[in-house]
Amino acid sequence: MANKYSLNAVYFCTGCGIIEIPPSITARWDAERFGIIPVATPRQGNLFMITGYVSLKTLRAIIRTYEQMPDPKYTVGFGSCPINGGMYWDSYNTIKHLDKYIPVDGWIAGCMPRPEAVFIGVTHLWTLIDKDMANGYIRYREHYDQYRGNQEKLFGKLDWPPLYATATAQKEMAA
Amino acid sequence: MIDGLKEKLEKAFPRAAIVVMPDTDYLVTVDKESVLSMLAYVKDSGFDHLALVSCVDWMDEREFELVYVLSSYMKDNEQVNGNEKLNLILKTRISRDNPAFQTVTHIFENAEPYERELHELFGVYFEGHKRLVPLFLERTYDIPPFRKDFDTRQYVKKIFDNIPTIQDTKE
């Protein structure tokens, strides 16, 4: 795939993991060697790193940000908390499994992962892109009913329109 | 140290229990009727900064303890000797079964977000507060989540663990 060496990371900060990103993208570890550069807006990006615990309020922003990014786009869960809740495993206001709400292509475990781990994750992502296995954006379209359903289970009715036509919406349009 | 503040407070509020901590902190426990007049009094005495409003859930005693933490940064205040920062902690108890109290926003305006926070996390109602709407939380909870009888593990099982994983239906 042509874009594997030009990953434009959305500079979206959540949780404590974002403190690892400034040294990773600047002179000391220099993510630009791997073709990663932070971009200002999600409409220009194709790599979305969720860098820490996700509260309900943040999840709302994450979904909106993810839906604004152009295809193809890749999501990486960064740190323990998006994987299974981490130290917030019994918190009342933190979601536990990020991949129930948006598709995730890869995980970088650790609390916190060091910049070296980030780059190992990036090289793994290259492999996945080469083999067409980093297909989260396709899965999001195909299973949008389930994703949107899970999102609405948490938030009630969402105050933005669906990104893709859900099955119920298609039925309504046909009727 | 403010000269004679302890004596003045004891004279003005005879029912208050006042302890002077070694490192220039005052710890004052009053009944809930005297809180507003006490806050106004210590504000005039130099404690011009309300740093925090907090709450402690004493579930077995069926009481909430409201904690007001005040500071004095007035270095040029004539009543303050030396330049050290002074703290005053004011505590009062209210009923847990009917958790309502007066707002202090007309004395310290910056108490507004603290009282909203206590309202949504502990369920304490502040009478006279102009904007008692949720501050942080996205969901509504049966029991306010910072109360001791809120079972976080059970809540996680009921809400988050019940959300299904995405099933790949394609073969």
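What follows is calculated from the coordinates using simple rules that are stated; it is not laboratory data. From a predicted model like this one, the values you see are computed outputs, not experimental measurements. Glycine also receives a Cβ, built like all others from the backbone with ideal geometry; neighbour counts cover every protein chain displayed.
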The range A:129-168 to the range B:100-151: how many Å between their Cα centroids? 35 Å
Which percent of Cα pairs goes in each bin when the distances of chain B are cut into 10 angstrom slices starting at zero? 9, 32, 28, 16, 8, 4, 2, 1, 0
Could you work out the relative contact order of the range A:2-174, using alpha carbon pairs under 8 angstrom and six or more residues apart, expressed as a whole percent? 19 percent
To the nearest 10 degrees, how steep is helix B:35-44 against the longest Cα principal axis of chain B, on a 0 to 90 scale? 50 degrees
Relative to the longest principal axis of chain B, what angle (0 to 90°, nearest 10) does the C-alpha long axis of helix B:111-122 take? 40 degrees
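Rg to Rh ratio, the range A:109-175, alpha-carbon atoms and Kirkwood radius? Intermediate values should be presented prior to the final figure.
On the way: Rg = 17.4 Å, Rh = 14.9 Å.
Rg/Rh: 1.17.
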Per GNM of chain B with C-alpha springs under 10 angstrom, the most fluctuating residue out of B:Lys11, B:Lys32, B:Lys157 is B:Lys157
As a percent rounded to 5, the proportion of antiparallel DSSP bridges among beta bridges in chain B is 75 percent
Based on alpha-carbon positions alone, could you give the equivalent ellipsoid semi-axes of the protein assembly as shown from the gyration tensor, as √(5λ), descending, whole Å? 51, 26, 16
When the C-alpha atoms of the range A:2-174 are aligned to their principal axes, what extent does each axis show, in angstrom, from largest down? 55, 40, 27
Let me know the longest stretch in chain B that avoids all chymotrypsin sites (Phe, Trp or Tyr not before Pro) found in a DSSP loop with at most 15 other C-beta atoms within 10 Å. B:1-72
Descending semi-axes in Å of the range A:1-79, equivalent ellipsoid built from Cα gyration tensor: 20, 17, 9
Select from the range A:1-72 those trypsin sites (Lys or Arg not before Pro) which occupy a DSSP coil region and have at most 16 other Cβ atoms within 10 Å, ordered by residue number. A:Arg28
How charged is the neighbourhood of B:Glu112? Take every other residue with its Cβ under 9 Å from the Cβ of B:Glu112, and add Lys/Arg as +1 and Asp/Glu as -1. +1
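Excluding A:Asn8 itself, calculate the net charge of residues whose Cβ lies under 14 Å from the Cβ of A:Asn8, where each Lys or Arg counts +1 and each Asp or Glu counts -1.
On the way: positive: A:Lys4, A:Arg43, A:Lys73; negative: A:Glu32, A:Asp71.
So the environment of A:Asn8 carries a net charge of +1.
What percent do you get for the relative contact order of chain B when only Cα pairs under 8 Å and 6+ apart count? Walk me through the numbers on the way to the answer.
Working: 250 pairs, mean separation 30.1, N = 171.
So the answer I get is 18 percent.
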